[in-house]
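Beneath this line is the structure, given in structure tokens, with notes to follow.
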Amino acid sequence: MGRLFGKMMTVSNRKMHRAVLSELKPCGNVLEIVFGSGSQLEMIHDRYPEVKLYGIDISSEMLTMAEKRIGNTAALSLCDCADTSFGDGYFDAVISTDSCYFWREHEKVLNEIRRITKP
């Protein structure tokens, strides 16, 4: 079920992924929250191979799918996006496309994004 859903999301989110990519500038560290199949990380890597990419998701099935898709081009891990182990201001950019309905605690996630993103 998860793989099918992941494939459907990849297709339906292409336009949004392109919009994010058009706004993203080359920078040091980028985190994607709820990376799904890894398609957006793949697009970012293709455009900006020098960027260090990270991704977190709560689905082990999506982790496996993304690892097959993008290999070691991003540091992927299972993690609750409301409580990460990243340091304060670690990321130059944090992105999350079409995924906030997967978040369990919206306010905590937004506070965590603020904490781990450079001012």
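The values are calculated or read from the model by the stated rules, or taken from the named source; none is laboratory data. All values reported here derive from a predicted model rather than from experimental measurement. Note that each Cβ is placed from the backbone with ideal geometry, even for glycine, and that neighbours are counted across all protein chains shown.
Odds and ends about this structure:
- Within region 77-103, residues that are within 17 Å of C27 (Cα to Cα) have Cβ atoms under 6 Å from residues that are polar (S, T, N, Q) in these pairs: F91/N29; F91/T117; D92/N29; V94/T117, counting only partners at least 6 apart in sequence or on another chain.
Matching residues to (1) loosely packed, with under 15 Cβ neighbours inside 10 Å; (2) of a type in the set (V, I, T):
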{"site": "S37", "(1), (2)": "no, no"}
{"site": "E42", "(1), (2)": "no, no"}
{"site": "G55", "(1), (2)": "no, no"}
{"site": "M65", "(1), (2)": "no, no"}
{"site": "N72", "(1), (2)": "yes, no"}
{"site": "G89", "(1), (2)": "yes, no"}
{"site": "D92", "(1), (2)": "no, no"}
{"site": "I95", "(1), (2)": "no, yes"}
{"site": "D98", "(1), (2)": "yes, no"}
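- Enumerated strands (runs of 3 or more DSSP E) restricted to region 52-119, each holding at least 3 residues that are modelled with pLDDT of 95 or more and within 19 Å of L41 (Cβ to Cβ): 52-57, 74-78
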